1. Per DSSP H run of n ≥ 4, the term is -39500 (n - 2.57); total these for the chain, divide by its residue number, and report the mean residue ellipticity at 222 nm rounded to 500 deg cm²/dmol.
2. Suppose we flag GluC sites (Glu not before Pro) only when DSSP calls them loop and at most 10 other Cβ atoms lie within 10 Å. Which is the longest uninterrupted stretch of the chain?
3. Computed from these coordinates, which is semi-axes √(5λ) of the Cα gyration tensor in Å: (i) 25, 20, 10; (ii) 25, 16, 13; (iii) 28, 15, 11?
4. Quick one: 3J(HN,Hα) in Hz for the range 3-18, Karplus 6.51/-1.76/1.60 with θ = phi - 60°, rounded, Gly and Pro as x.
5. Non-local amide H neighbours of Ala38 (under 5 Å, H modeled in plane, Pro and chain starts lacking H): which ones?
6. Under a Cβ-only charge scheme (Lys and Arg +1, Asp and Glu -1), can you give me the dipole magnitude of the chain about the Cα centre, in debye to the nearest 20?
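Laboratory data are not the source of any read-out in this text; all were calculated from the coordinates shown. For clarity, every value in this text was computed on a predicted model and none was experimentally measured. No Cβ is skipped: glycine too gets one built from the backbone with ideal geometry, and neighbour counts run over all protein chains shown.
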Amino acid sequence: MEELPLFTSKIFERYCRNWLLDQNSKKLFPFLLTDVGAWWWKNPLIKNSKANEEEVDIIGLGRKKNELLIGECKWRKEKQIYLF
């Protein structure tokens, strides 16, 4: 039970990426997505080895170089929607 929120949040992130691909076929975005995934990297500016990894939950690539969708997914008990 202690790890349930972590498990649920990872499943929710995958669901959000799949939802984007589904909505992509309805042409609701300003450009068509060709690929959707996540991005992780080690931040060299953070010296603590346990906390130097950073993540972007959603990266969506378009056909052109300047077409990029960036998003975060946050699992919460209460309903919250933020669009920027």
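1. For the chain, the value works out to -8500 deg cm²/dmol.
2. For GluC sites (Glu not before Pro) (loop position, at most 10 other Cβ atoms within 10 Å), the longest site-free span of the chain is 4-77.
3. (i)
4. Values, residue by residue: 8, 4, x, 5, 4, 4, 5, 5, 5, 4, 4, 5, 4, 4, 5, 5 Hz.
5. Ile59
6. Dipole of the chain, to the nearest 20 debye: 260 debye.
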